[in-house]
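So the structure is just underneath, and the comments pick up after that.
What follows is calculated from the coordinates using simple rules that are stated; it is not laboratory data. All of these numbers come straight from a predicted model, not from anything done at the bench. Positions of Cβ are generated from backbone atoms using ideal geometry, with glycine treated the same way; all protein chains shown enter the neighbour counts.
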Amino acid sequence: MRRWSAAILVAMVTGACNGNSAVIPKGEEYEAAAMVLEAEGHGPVLCLGPILASLPPGCGGPPVRNWHWAKAPQKETQAGVTWADVNLRGTWDGHAFTVTAVLDHPPAAGTPSSGASSFPPACPTPEAIDPTASFEEWGDPGLQSDPDVAALWVTYEPRAVNVVVRPGAGARVKEDIRRTFPGPLCLVERDQKSRTELRTIQHRLTERLGSQFLSGAVDEVRGQVVVEVIVADPARQAELDREFSAGVVRLTGRLQPVSRNRPPHGGGG
């Protein structure tokens, strides 16, 4: 479960109170593993974003309708706050989640988790002047701020410093690196957004997506901004592809549509 500081919670909840909701298909059901929380002054809400690391916890989120605490045998109550981690199915109207079922199992699908495979090497065979040189102790602040460098990361299988640069900048950046680092290097040229550009896009989307926005991260390895929203609306994804080029922004939905995960002949659930 994600836990965040109070300052981050305030910032995220404040950002989630502005405008914009996705186009919601009528009749669609969604599933989610999330916390339901009710406190003095407001009814139950679905904690889809950051959760305050405290006891009792705190969160912001959309209202939950058709909810009864008897459906959550593992609920906890403290200082006027009641909460429980549950697996839910329900409908989403852009403002509130209406429960249609409490599941005894996690949702069938969710946002793909990240792992070692998320950071593949930039090339199959690194180039090295001295294969034994230690990159763990090497650092180059100038490389980090170079506008032609789009991504920089380390892999251990194979061992290499991996660098993605703008087209035409490869020879210059490689020369800069080799002044201080003779070890395994994968340097490739790609026409992708710089880290600065990706962070600018992330900031713009934080404001534009309003109440749909939950979190965002820059994936410089792939040249993407990954944005978690309440519902990943295909029409909105297509709009962002047209504006920023396909693949630059990737929307992931916290609520997973049941229809996309249902077997072809109507099973599931």
> For the pair E28 and E207, what calculated FRET efficiency results from E = 1/(1 + (r/R0)^6), where r is the Cβ-Cβ distance and R0 = 25 Å, to the nearest 0.05?
Replying inline: 0.40
> Counting only residues 5 or more places away or on other chains, whose amide H sits under 5 Å from the amide H of R250 once H atoms are built in the peptide plane?
Replying inline: V225, V226, V227
>> In whole Hz and in residue order, list the ³J(HN,Hα) couplings for segment 69-83 that follow from phi through the Karplus curve 6.51 cos²θ - 1.76 cosθ + 1.60, θ = phi - 60°; x for Gly and Pro.
In response: 5, 5, 7, 10, x, 9, 5, 10, 9, 7, 6, x, 10, 10, 8
>> Within 14 Å, Cβ to Cβ, of A39, how many net charges do the neighbouring residues add up to if Lys/Arg are +1 and Asp/Glu are -1?
In response: -2
> Taking segment 171-236, which trypsin sites (Lys or Arg not before Pro) meet the DSSP loop condition and have no more than 10 other C-beta atoms within 10 Å?
Replying inline: R179
>> Between E40 and S145, what's the calculated FRET efficiency when r is the beta-carbon distance and R0 is 45 Å? Round to 0.05.
In response: 0.40
> Points 7 angstrom from Cα along the Cβ direction at T125 and R172: gap in nanometres?
Replying inline: 2.9
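How much length is gained if the chain between S259 and A53 is pulled fully straight, taking 0.36 nm per residue apart and subtracting their Cα-Cα distance, in nm to one decimal?
Contour length minus Cα-Cα distance gives 70.8 nm.
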> Along segment 183-190, what does the Karplus equation 6.51 cos²θ - 1.76 cosθ + 1.60 (θ = phi - 60°) give for ³J(HN,Hα), rounded to whole Hz, x for Gly and Pro?
Replying inline: x, x, 9, 10, 10, 10, 9, 9
> In nm, to one decimal, how far is the R65 label point from the L103 one, both placed 7 Å along Cα→Cβ?
Replying inline: 2.2
> Using modelled backbone amide H atoms (1.01 Å from N, in-plane), which distant-in-sequence or interchain residues come within less than 5 Å of L185's amide H?
Replying inline: E127, A128, V161
>> Using the basic label-point model (7 angstrom from Cα toward the beta carbon), what is the E137 to W153 distance in nanometres?
In response: 2.6
> What are the residues whose amide H is under 5 Å from the amide H of C59, where those residues sit 5 or more places off or on another chain and H is modelled from the backbone?
Replying inline: L52
>> Can you work out the Karplus-derived ³J(HN,Hα) for every residue in segment 200-217? Use 6.51 cos²θ - 1.76 cosθ + 1.60 with θ = phi - 60°, whole Hz, and x for glycine or proline.
In response: 5, 4, 4, 4, 4, 6, 4, 7, 6, 6, x, 5, 7, 6, 10, 7, x, 8
> For E189, what is the net charge nearby, where nearby means another residue's Cβ is under 12 Å from its Cβ and Lys, Arg count +1, Asp, Glu -1?
Replying inline: +2
